[in-house]
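What follows is one structure encoded as structure tokens, with my remarks underneath.
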Amino acid sequence: MRKFIASVLLMSFVACSAPVLAREENPFITSKEIDLIKLLPPPPANDSPQTKAELGEILALQVARTPEMVARSQADATEDIWRFADVMGVRFKPDQLPLFTKFFLRVVASEGAVVDTYKDIWKRPRPYLYSDLVKPVVKLSHSGAYPSGHATAGTLMGIVLSNMVPEKRAEIMARAAEYANNRIVGGVHYRSDIETGRITGTVIAARLQARDDFKTAFDAAKKELRGVLELGPEPAASM
């Protein structure tokens with residue numbers, strides 16, 4: 001459903017331009033501003049040694065994954081900032097952070113508004129569509145696998161959140177990496193999908209930091225978050 005909403009918002013942006021951007025869930029940036037064709041290599045061919053090796057990794061994890069790993073990958077199928085709650089602490093709740101919540105809706109929407117266009121161009125089959133040996137444990141998606149939207153969103157959220165709370169940067173980015181890797185654990189992405197998703201998330205984060213509308217919303221959300229978490233003044237040179 002989140003992917004559908006992001007696609008609708010992107011089409012509305014193209015048709016109507018500025019008035020649509022007043023909606024809080026609208027992306028800060030779309031595929032019109034970021035050309036992944038020029039930034040990423042094409043996905044490995046289905047019959048390539050790389051795809052076969054990546055399939056082998058998925059099948060090995062499928063055998064080794066524990067019930068705890070399965071549960072974690074299923075929980076991480078949700079694309080929202082609250083998956084970082086185990087790092088951020090008990091005060092990290094949407095009902096206490098209205099500005100922060102609205103801000104990250106737009107951040108996460110930016111992932112779909114960029115990535116979905118290129119998934120449709122590259123059309124890499126999901127591992128379970130390529131091989132019936134793959135037994136996914138998370139909700140299935142028939143969109144293209146490359147690059148991973150979850151890895152993009154996790155990396156993007158991690159970078160933005162760690163810029164708000166640099167004291168926890170290492171923990172936040174480790175959680176972002178786990179979030180991305182759980183798509184392999186869940187059986188719905190290849191390793192190269194994840195790696196290019198991390199690149200894409202980093203590129204989107206860098207582009208967003210150059211936008212005035214993002215900076216204004218970021219500053220307000222950061223102030224609210226640091227106040228709720230009782231963190232005090234931001235350490236020097238955090239950005």
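The values are calculated or read from the model by the stated rules, or taken from the named source; none is laboratory data. Note that the structure is predicted; figures quoted are calculated from it, not measured. Cβ sites come from the backbone with ideal geometry, for glycine too, and all protein chains shown count toward neighbours. These accessible areas exclude ligands, DNA and RNA; they are computed on the full protein's heavy atoms, side chains included. Shrake-Rupley method; radii C 1.70, N 1.55, O 1.52, S 1.80 Å.
Numbers below:
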quantity	calculated
Global form of the range 87-157, assessed from the alpha-carbon gyration tensor, a/c cut-off 1.5	oblate
Solvent-accessible area, 1.4 Å probe, carbon plus sulfur percent, for the chain	62
1.4 Å probe accessible area per residue over the chain, in Å²	46
Test item: Cα-centred dipole of the chain, Lys/Arg +1 and Asp/Glu -1 on Cβ, debye	160
Exposed trypsin sites (Lys or Arg not before Pro) absent - longest run of the chain, DSSP non-H/G/I/E/B, at most 15 other C-beta within 10 Å	140-210
The range 144-239 - charge dipole about Cα centre, Lys and Arg +1 at Cβ, Asp and Glu -1, debye rounded to 20	160
In Å², nearest 10: area of Asp120 left accessible to a 1.4 Å probe	90
Rg and Dmax of the chain, Cα atoms only, in Å	17.9, 54
Qualifying GluC sites (Glu not before Pro) in the range 139-239, DSSP loop, other Cβ atoms within 10 Å at most 12	Glu230
